[in-house]
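Participant: I have a structure I would like to understand better, so I am pasting it below and will then ask my questions one at a time.
The values are calculated or read from the model by the stated rules, or taken from the named source; none is laboratory data. What you are looking at is a predicted structure, and each value in this text was computed from that prediction instead of being measured. When we count neighbours, we look across all protein chains shown, and the Cβ atoms used for this are built from the backbone with ideal geometry, even at glycine.
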Amino acid sequence: MSARWYYETVSPEGRWMPQLAETRPETVIHGGHLRLQPASGKGLGPRIRALASIHPGLADRSVEELQAILSPDINGAAVDMQKPGALA
């Protein structure tokens with residue numbers, strides 16, 4: 001698969017995890033947050049950020065390299081660990 005889209009989803013631990021996709025993922029906005037649209041169209045998918053089309057010049061990069069280039073904050077937490085349940 002030659003990935004054309006990069007985005008990050010929230011892990012169960014509250015960290016941003018890089019993802020790659022061949023086509024632009026279907027998304028919805030819920031509660032002010034961008035989320036993946038579940039294939040069934042029902043319920044909510046995971047929160048996402050950094051949705052970006054991958055430039056052809058970056059096509060040969062690893063997911064870790066793409067994360068270093070495209071992530072708004074590679075070390076950022078999706079959940080404020082000082083306040084459990086609070087979104088960062």
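Participant: Please go through region 19-45 and pick out each residue that is farther than 20 Å from ARG4 by Cα and either in a strand (DSSP E or B) or within 12 Å of the chain's Cα centre (by Cα) (or both).
Facilitator: Answer for region 19-45, where residues must be farther than 20 Å from ARG4 by Cα and either in a strand (DSSP E or B) or within 12 Å of the chain's Cα centre (by Cα) (or both): ILE29, HIS30, HIS33, GLY45.
Participant: Residues that are crowded, with 17+ Cβ neighbours inside 10 Å and at pLDDT below 90: does region 31-53 have at least one?
Facilitator: There is at least one residue in region 31-53 that is crowded, with 17+ Cβ neighbours inside 10 Å and at pLDDT below 90.
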